[in-house]
Structures are given as structure tokens and as C-alpha cells.
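First up is the structure itself, then whatever we jot down about it.
What follows is calculated from the coordinates using simple rules that are stated; it is not laboratory data. Quick caveat, the model's predicted, so the values are computed rather than measured. Positions of Cβ are backbone-derived with ideal geometry, glycine not excepted, and every protein chain shown enters the neighbour counts.
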Amino acid sequence: MDEHAHDVVYPLLSMITSPADLRQLDAGQCAELAAECRRFVVDAVSRTGGHLGSNLGAVELTIAMHRVFDSPRDVLLFDTGHQAYIHKLLTGRREGFAQLRQEGGLSGYPNRAESPHDWIENSHASTALSYAHGVAKAFERLGEPHRRVVALVGDGALTGGMAYEALNNLGHDEARVCIVLNDNGRSYAPTVSKLSESLTQLRLSPSYGMIRAKVVRALEDIPGVGQLAGQSLRSLTSALRELVEPHVFFEALGIRYLGPIDGHDVAVLEDALAKAARYPGPIVLHALTRKGKGYGPAEADEVQCLHDLKAQSALATPSRVSDRGAVLVGPRSTDASYTEAFSKAVLDVGARDERVVAITAAMPGPTGLLPFEARYPERFIDVGIAESHAMTSAAGMAMAGLRPVVAIYSTFLSRCFDQQNLDVGLHGAPVVICADRAGVTGDDGPSHHGLLDMVLGLSIPNLAVFAPAEPSEVGGMLVSALELRTPALIRYPKTPGPARLAAPGTGLHCRILREGGDEIVLLGIGKLAKTALEAAELLAREGIEASVIDPRVIRPLDPALLGRASGAQLVLTAEDGLLHGGAGAYIAAEIDAASAAASVRGPLVVRLGVPTRYVPHGKPDVILARLGLDAEGMASSVRGALARLQGSAAEPAMRAAGAGAGRGAGGLKNGQRGRVAR
């Protein structure tokens, strides 16, 4: 779409280059701008993929916030960050939506590198209030009371315990923070909006007041018990009100409460925000919104209001659940996914053992637990966005005799590492942790790549670590993990699985995927087993033969794998996770120990993985290739290592006889050993 056509389709939105432009609009223009924003987001997200329903519900809220507050002098924070698309539109990033979530393009979350209007890169939920507390305390300390801190919180963020810790501190410190509660009826919201809205309207009704007064007077006229009955009614209504009304909850923490109000009326929102801006302490503005507002297919989706869309999806096709309650629209991949394999496997083990319980943190759909919930609702537990609680609760269940299976995204697993380590690991609690979306995940960027699970898991003593190379391996691994009766981690990727690589593995044993001699061994960990096979085929065309092994279980390592690897000349490990402290480092140390125990010189071990840096968003295969984790990258690493081994072997002879250069990067002769330290 050229610039002129764009201006015709979105005449008001095309005029907005910064929040200051919003203040020139009247009420009617604000309503039209909201409609244009919705049309723009639907069009953009259907092309590139991204979060839809949550942003459609936050349009008027974001417009009103930018009309009342002066960003970036005033600090606007979004929790969760996937609600920030309208904020990006209104802060001069409209053209960037053509490359939303594409490599080198606009991030799907707030991003400090994109704009001074983005203070935080907030993509993990329930954190913005803690940021807000810190910024407000800094402004107070630095003598900048004119600067306001505003946090738009909602779409499930208030199911996270960290948010409540922050609320407690905001109230205690009387921090000058305006909290805008985007109550769209999801996650935490149903216990607030539906009931509290009805009670608020009831309390404001004159007829309710008159009827209540008449009932009290009638009761008090009853001889002997009237006074007591009247007092009891007052106590009952007061207790009910304090039990369910949100203003009591917030004000008990020292936070002023306003609302609930219509979150889709810009004028009403502006008036309330202006009042909140003048309040000298923490204040909550409770706004009722509709997720997916203004877009028919989203409003008709009763499950998640089209929370998320895949790129180039046909919007009329049935939806399915994805990230954090997201919905993926469009046809399923023809390849089986690891998540689908887990979904079937947990049903199978649940049918065989009634002690099996499934636990998730606000992601029953994306982690594949909806079928388990449907069949065994009494054994399914969704704790909300509270991973730490999920892990410790699972430890308690395991101690008491249950067999908990905790399904969490790899990126969110780091939020409960302390609980994994000390509550599960230290107690030896037989909890099976299933880390979905492990490795490089793609479009959601550095906050969602699952690169830490292996490093963190291997740092917990006695935690068994499984890495399935294909979806068909997941079921057997879940059975094996439950049989161990010790803590276990199974990590698997988001990307579709390969076709069957070999016969399924058993127990804690490795799989030999390709026999290519004893001198060169490629260990492809998890999904990179297939890539290692492809690398071996490339090398074979050059006369370099390599065996390929799928370790399957990183800890405890199969003794057969250790024996094979310690007798090789060259071992290459490749993993879809952080290199430093990861599976390759663990395997190299085990090979070292095995070689020392056998009093033999160990092999040269080359480790490939993700470097210790934040990896931006992009397509997973492109990112892996750039990191040398594709077939050609692995083959190239083998060639380079062989050259080093040959050079090392040739050095003594060259020094003694003045020999010339050694052979090129071909295969080593039988019996020739490398003499280089790893």
C-alpha cells in the first residue's frame, strides 16, 4: 500500500506521528481514530502474525492515556507487553508494522531500542508494577514530582504473585503511581469485573437503598429480636460487600480505587485519568473492556478472543489455542508437534495412574493440557501466572504421594528456578517438569527463546534431563521420567518435529542414528539430532565418515555413549541452548572423567550452541544457521577440528625431519590420534 492509499484508508491515524498530535482531536475524532486503529491492527497482524484480541480491547485506554499523560516525560508501562501495539501506533511506529515480529523489524513487545516511549521490554507478565514502584521512588528521590508513572495492567497480569508484592509496596510507600486495570474478563478479571460491576450498580440504585432501609426498619420493629436482626443484616451486607468489592481489596493495601468505568469511552476515561493524575499517592482506575472489541471473529471467539494470530492466516478458519492463552488461526502443520505428542502422552499416563496430576501456569492450551483437563478435571490445576507457586505446590504434592507433571514454557521456567532447585531438587521430590518451547523459538524474540532450561536444569543435583529428538520420543520419556521417582526435566521445542529418525529409544539409553566408524562421533541433542544426521551426510560425500548418536538423556548419560565417545578421536556436540554451562559442557566433563578413569587420552570435543547473548527475533532456522547450528555449520566445525588434529599430529614429525605441510581437512587414517588438549 502506497502512502497516498494509506492516508485514504486511515486518514486520522496517518496524521498521528507522536502523542502530542492526539490532543488536537475532538471526541468524535477520537472515536474514529479508535476504529481506524482497530482496522489497522487487524490488517497488520493478519499479514505478519502477532497478538490481536488483547490490543483490540486496549485501544481507547491507550488513546486516553496518551492524551492525558505526556510520554516520555511521564512513564507509560504495559503489562503484559503484548498490549502495546496501539501505543506503538501512536508513538510514530506505524510504518514499522509492515515488518512486525520479522527479523530486523518491529518487536512484538515494547522495545527500548525502538523508541524513547518504551521504558521497559516487558513481555513476561506481572512485572510492570514493580518497575513502576522503582521508577516512582527514583522520581521522588531525584525531586521530580511533576513526572507521573502509569502502568496499564491486565489481560491476566494480576494472576501473578509478583504483581501483589508490588501492590503491597506501592501502598506502603505511598508511591505516586497510576495503575490502569484493563479488566477484560480474562484470567483474574472474572472475579472482579462481573460480580463487582453488578454490586456497584446495585449500591448506586435508589430503589435498592430504599428497599434495604425498609427491610432494616421492619426487622427492628420485631419485639425482642428486632434490634439484633437489624444489626445482623447490616453486618451481613457489609461483610458481603467487603468480601467481593475490589475497592476494599485495593484500599486495604493503601491504594485508592476508582471504578469500574467503561474502558471503551475515551471521554470518560480521560476524565477519570485526569483525576487520577492529580492524586498524590497510588491509585487504581478500574476499566471494563472487551477483548477483541470491534472485530467480529474475535468477539465471537469465546475461548480467547483471537488473542494471537499466525502470519498469513485465513481469519475465518477455526482457531486453536497458543502462547499464554493465545489462539493460532489457520491450518495445523502436517507434521506432528512435540506439544501434541506430550498432550497424548500425559493422557496415557493419567489413564494408567490416578496419582498423576497436571499443573500449568495460565497455559493449559499452549502446553497441550486441555484434553487432560477435559478428561480429568479433578486432577488438573491451573495456578495462573504463578510459576513459582506451581513448582513448590508440585513439590508438596509429590511429597504427599501424587505424581505431578508440570508443563511450562522454557522461557517461563527460569521464573521458578529457586523453587526447582530448593523445593523440588533439594527434597528429591519426584516432579516431572515438561519445558515446552525450548531452544530458539523465533518471532517473539529474546524474552521468549528457551535457552536457559538445560543450563539451569543441569545445575540442580540429581535432576534427570531428557531431550527428545522427535515427537514420538516424548511419550516414552514421560513414562521413564515418572518411573525414576526423582526430579526430572523433559525439554522440547516449538518447531514441528522431523519424520521418524530411527526406532524409538528405551529407558535411559541413547540411540545410534548412523554408524560411521569410531573416530568421529556427532552428538545431536534434541531437535539437532536430525541436523547432525544431515551434517554427517554432507561429510560422507567428502569421504569423511562420522557416527551420529542421539543421547536422548543428558543426565544420567548412557554408559554406552560414554564408552563410544571416550574412544573416539573427535566428538562434536550440538545443542539448541546456551553453550556456556549447557549439555555440551556437561557431556565433555563426563567424557573427560571416563577417559581419565580408563587411563586413555580423551578425544577432542567440539561444542556448538548458542553464545551467551540476547538473540533477537527471527525465523528459528535462520537464527540457527547464523549460529553455525545448521548442517553446513556442523560439517564446517568438523572440518576445522580435523585440520587442527592433523596439524597437531604432524608437528612432532615436522620438527624432527623438517616435513612439509600435512594433509588437508580429510578423514583421519585408522589409528591416527589427535594430541591436542580440549
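For the reader, a short list of remarks on this structure follows.
- Packing-based order for 539-545, 380-386, 566-572, using average beta carbon neighbours within 10 Å, highest first: 566-572, 380-386, 539-545
- Cα-Cα separations in the stretch 447-523 greater than 18 Å, expressed as whole percent: 51 percent
- Computed from phi, the 3J(HN,Hα) profile of the stretch 71-76 under the Karplus parametrisation 6.51, -1.76, 1.60 (θ = phi - 60°) reads 7, x, 4, 7, 9, 9 Hz, with x in place of Gly and Pro.
- The stretch 503-587: relative contact order as a whole-number percent, Cα under 8 Å and 6+ apart: 39 percent
- Ordering of 557-563, 340-346, 38-44, 486-492 by packing is 486-492, 340-346, 38-44, 557-563, highest average first (other Cβ atoms within 10 Å, averaged per residue).
- Coordinate range along principal axes, alpha carbons of the stretch 338-491, Å, largest first: 38, 31, 29
- Relative contact order of the stretch 511-657, taken over Cα pairs closer than 8 Å and 6 or more residues apart, is 25 percent.
- If you wrap the tightest convex hull around every Cα atom of the stretch 536-602 and split its volume per residue, you get 101 Å³.
- Measuring between alpha carbons in the structure, the pairs from K137/K275; K291/K494; K344/K527; K137/K494; K137/K619; K344/K530 lying more than 31 angstrom apart are K137/K494; K137/K619.
- Beta bridges by DSSP in the stretch 338-491, antiparallel share as percent, to the nearest 5: 5 percent
- Isotropically averaged projected area of the stretch 511-657, using the convex hull of Cα atoms (one quarter of hull area), nm²: 9.9 nm²
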